[in-house]
Amino acid sequence: MSQFWSPVVSGLTPYVPGEQPKLPNLTKLNTNENPYGPSPRVLDAIRSATADTLRLYPDPSASALKQTLADYHGVDPAEVFVGNGSDEVLALAFMALLKHEAPLLFPDITYSFYPVYCKLYGIEYRQVALDRNMAIRPDDYRQACGGIIFPNPNAPTGIALPSATIEMLLAQHPDVVVVVDEAYIDFGGESVIPLIRRYPNLLVVQTLSKSRSLAGLRVGLAIGQPELIEALERVKNSFNSYPLDRLAMAGAIASYEDEAYFQKTCSAIVENREKLVQQLHTLGFQVLPSSANFIFASHPSHDAARLAAGLRERAIIVRHFDQPRIRQYLRISVGNPAECAALMGALAELVRG
Ligand SMILES: *Cc1c(COP(=O)(O)O)cnc(C)c1O
């Protein structure tokens, strides 16, 4: 606290991202980064953009990237918004579309940035409990609200809702915006982007951080009807004209031009995940059905916090959330085969003693 702070700053509870320790030889399975690097074509494109032209401002409307995304997803460029990571896209969506009289609804167990944005913007919210199986139950959202947001697949559970279920939710709430945060959609979920045609209240948010291995480049996007996109543009242009730099746009475009690499690395992660789940079962872990690049697991006879500490002693970091309902779970990012093997070796020691 300081006399110089504005009142809003004193009241904030900032989001705490997963740690990024700078130790060598660490098996880092705590922030859902992609174990496979970005496509070599992305790196080439960034190198080519690293030129004298960096003295010039980037295109404030990011037209080339929007056109690439529109072509890729079969929508119009006017239905695409881009930002500095999907966290920024989400932040702008909270301000532009989710701040209303009635409370915003989201799951009790979900991406912990949502309540942080609500506090920042003074948005009232209500958390809707996941069901006993840790799944989102759409019927529980049948209540007056100013908007709805959830990740699909949900984080940190990894559980995906089928597109038809989300469509039901959209039809039940025609008067409010429903934001579907598809950060992990490429690892097995079904994107609802095709539903924007029929649902003007749907905004789909995606990121290049996870499935495209570009967490360090900071590119996120939203897709929805032009009316929703215009709201985001209005807020963006009242805040920062150039959220995406020249290198980020060049790299992002190149990523969508290497579909083969994208498919190959996504499949490898899904394959590693399925193996990991089987091995965890052998050690007695219970694992929620994951459609993401992480798994959410608990052990009936081993405390999750102690397991996390034991892994850390063995230079493996995973995420543990000290919060009601999920204290006994570990969220483990799916690594490459060597990382998965290191994890399983350490867990076997910890569980079998
Ligand atoms: C990782 C993540 C994001 C943010 O990704 P960016 O790196 O900011 O693009 C958004 N939503 C969920 C649910 C995430 O897990």
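The values are calculated or read from the model by the stated rules, or taken from the named source; none is laboratory data. Not measured: the values here are computed from a predicted model. In this analysis, Cβ positions are derived from the backbone assuming ideal geometry, glycine residues included, and neighbour counts consider all displayed protein chains. These area figures cover heavy atoms from the full protein model, side chains too; ligands, DNA and RNA do not enter into them. Shrake-Rupley method; radii C 1.70, N 1.55, O 1.52, S 1.80 Å.
For GLN328 and TYR72, calculate 0.36 nm times their separation in residues minus their Cα-Cα distance, and state this gained length in nm to one decimal. It would help to have the intermediate numbers written out before the result.
On the way: separation 256, 0.36 × 256 = 92.16 nm, distance 4.01 nm.
Stretched fully, the GLN328-TYR72 segment lengthens by 88.1 nm.
Here the chain exposes an accessible surface that is 54 percent carbon and sulfur, computed with a 1.4 Å probe and the other protein chains kept in place.
Using the heavy atoms of the protein chains alone and a 1.4 angstrom probe, what is the accessible area of the range 40-255 per residue in square angstrom? If you can, show how the numbers build up before the last one.
Numbers: 8770 Å² over 216 residues.
Per-residue accessible area for the range 40-255 comes out at 41 Å².
Annotation: extensible slack from ALA64 through GLN286 equals 75.4 nm (criterion: 0.36 nm per residue apart, minus Cα-Cα distance). GNM remark for the chain: springs join alpha carbons under 10 Å apart, and the peak mean-square fluctuation among ALA51, ALA155, ALA248 falls on ALA51. For the chain, a Gaussian network of Cα nodes joined below 10 Å ranks VAL235, VAL16, VAL42 by mean-square fluctuation, and the top entry is VAL16. I'd like the trypsin sites (Lys or Arg not before Pro) in the range 1-85 restricted to DSSP loop residues with at most 16 other Cβ atoms within 10 Å, sorted by number. Passing sites in the range 1-85 are LYS22. Averaged over its residues, the range 257-353 has an accessible area of 47 Å² per residue, based on protein heavy atoms and a 1.4 Å probe. Springs between Cα atoms under 10 Å define the GNM used for the chain, and in it the highest mean-square fluctuation of THR110, THR265, THR165 occurs at THR165.
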